[in-house]
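A.B. asks: Can you read through this structure? Questions will come right after.
The values are calculated or read from the model by the stated rules, or taken from the named source; none is laboratory data. Treat the numbers as computed from the prediction; the structure is a model and nothing was measured. For neighbour counting, all protein chains shown are included, and Cβ atoms are generated from backbone atoms with ideal geometry for every residue, glycine included.
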Amino acid sequence: MDIESALPAGRVAGVDEAGRGPLAGPVVAAAVILHPGRPIEGLQDSKKLSAARRDYLYEQICDRAMAWATGSASVAEIDSLNILQATMLAMQRAVAGLDPAAEHALIDGNRCPDLACPVRAIVRGDSLVAAISAASILAKVTRDREMLALDKDYPGYGFASHKGYPSKAHLDALERLGVLPVHRRSFAPVRRIAQRQA
């Protein structure tokens, strides 16, 4: 990760999100300040890791990071704000939860939330910056666990397997079983099905 040498000094938080694309559930963000004296081997973009490897690294991050926090935006907030603004809100909540606070924040992607500290967006940051990789892992594991809980609350929709993404199985379940309170009605596939069933 050669970009690391150009990063600012001090407490630098990596920030990433999980769950922008799904039709159901919250969008979750995480912020992580890594500890220079407690390195964590194997950090990379959460999408390139197996679920078991993500779970292992999640525990390592929680144990070894200087600070970490997660934040989310609810389905109601996604539907009222739009998914981009809800994602920015989740990121703000994650960064606000850090103790000690971040002196700088690095965001995966090309858009930055308004924060109390200087902030910079890095495209493909989850592959380039260890702290953002760590944040991507925390966000993904946290959200996946929330979807496993929803699977128990709403059997038959398949949340444990598709995690709310618009798979064929999920769309078929929506058609067959109907739209739930945890579905994002501002997303076109959900809106279309809800209108037909109204």
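A.B. asks: Out of (1) assigned to a helix (DSSP H, G or I); (2) within 26 Å of D151 (Cα to Cα), what's the single condition that is false for S72?
C.D. replies: (1) is the only condition that S72 fails.
A.B. asks: Additional query: So which of L115, L150 is farther than 28 Å from Y56 by Cα and of a type outside the set (V, I, T)?
C.D. replies: Result of the check over L115, L150: L115.
A.B. asks: Quick test for you: out of D151, D144, pick the one residue that is touching a residue at least 12 places away in the same chain (Cβ under 8 Å), at negative phi and among the acidic types (D, E).
C.D. replies: It is D144.
A.B. asks: What is the residue count in segment 101-119 for residues that are part of a loop (DSSP other than H, G, I, E, B) and under 20 Å from S72 (Cα atoms)?
C.D. replies: Of the residues in segment 101-119, 11 are part of a loop (DSSP other than H, G, I, E, B) and under 20 Å from S72 (Cα atoms).
A.B. asks: Please state which one of A29, A86, A90 is part of a strand (DSSP E or B) and out of contact with any Leu (no Cβ under 6 Å at 6 or more places or on another chain).
C.D. replies: Going through A29, A86, A90 in turn, just one is part of a strand (DSSP E or B) and out of contact with any Leu (no Cβ under 6 Å at 6 or more places or on another chain): A29.
A.B. asks: When the residues of segment 1-32 are narrowed to those that are modelled with pLDDT of 90 or more, small (G, A, S) and on the phi < 0 side of the Ramachandran plot, which ends up surrounded by the fewest Cβ atoms within 10 Å (Cβ to Cβ)?
C.D. replies: If we take residues in segment 1-32 being modelled with pLDDT of 90 or more, small (G, A, S) and on the phi < 0 side of the Ramachandran plot, then G21 is surrounded by the fewest Cβ atoms within 10 Å (Cβ to Cβ).
A.B. asks: Mind checking whether some residue in segment 120-139 is polar (S, T, N, Q), buried (at least 20 other Cβ atoms within 10 Å of the Cβ) and in a helix (DSSP H, G or I)?
C.D. replies: The answer is yes; a qualifying residue exists.
A.B. asks: Could you say whether any residue in segment 143-155 is of a type in the set (K, R) and outside any helix (DSSP H, G or I)?
C.D. replies: no
A.B. asks: Kindly check whether there is at least one residue in segment 81-94 that is under 21 Å from F187 (Cβ atoms), surrounded by fewer than 18 Cβ atoms within 10 Å (Cβ to Cβ) and touching a residue at least 12 places away in the same chain (Cβ under 8 Å).
C.D. replies: Yes - at least one qualifying residue is present in segment 81-94.
A.B. asks: Kindly check whether there is at least one residue in segment 47-58 that is under 16 Å from the mean Cα position of the chain (by Cα) and not in a helix (DSSP H, G or I).
C.D. replies: yes
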